[in-house]
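Enquirer: Take this structure first; my questions come after.
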Amino acid sequence: MEEVIYPSAYGMERADAPGPEVVDRVEESLASMARDEIGYENVVVEAEVGYAPSVILDYQDEHDMDLIVLSTHGRSGLERLLLGSVTERVVRRASAPVFIVKSFGTSLLPPATA
């Protein structure tokens, strides 16, 4: 999760957000989604706060991962230039293969059934 930083009279300040309670909720929600939607029983989810490409690459190095899987909005041109691309930065620096899934503006999960 990206760290919230805002300009102030003293330069750039951290907003101390997201806090530990948000990180815990994200981890619980992602683990629940993986169990319910994908069918994985043994799920480990670790959410971290920081600059996303660096956090992903550091995590991959520390845990000796064989594959990184990322989703992308598929932005291009000026939109990508202005907003940047976490996926692009990870692909350029990763020491492991990166599998990219384009969402095409829709959910990557099947629709919920009643």
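We did not get these values from a lab; they are worked out from the coordinates using the rules stated. Not measured: the values here are computed from a predicted model. Virtual Cβ from ideal backbone geometry, glycine too; neighbours counted across all protein chains shown.
Enquirer: What is the sum of charges around R93, taking Lys and Arg as +1, Asp and Glu as -1, for the other residues whose C-beta is under 13 Å from the C-beta of R93?
Expert: Numbers: positive: R89, R92; negative: D58, D61, E88.
Neighbour charge sum, excluding R93 itself: -1.
Enquirer: Contour minus end-to-end for R89 and V43, with contour as 0.36 nm per residue of separation and end-to-end as the Cα-Cα distance? Don't jump to the answer; show the numbers that get you there.
Expert: Numbers: separation 46, 0.36 × 46 = 16.56 nm, distance 2.62 nm.
Contour length minus Cα-Cα distance gives 13.9 nm.
Enquirer: To continue, here is another question. What's the local net charge at M33, with K and R +1, D and E -1, over the other residues with C-beta under 14 Å away?
Expert: Details: positive: R25, R35; negative: E27, E28, D36, E37, E41.
Around M33, the charge tally is -3.
Enquirer: Fewest first, what order do I56, I38 take by the number of other Cβ atoms within 10 Å?
Expert: Numbers: I56 22, I38 10.
By the 10 Å Cβ count, ascending, the order reads I38, I56.
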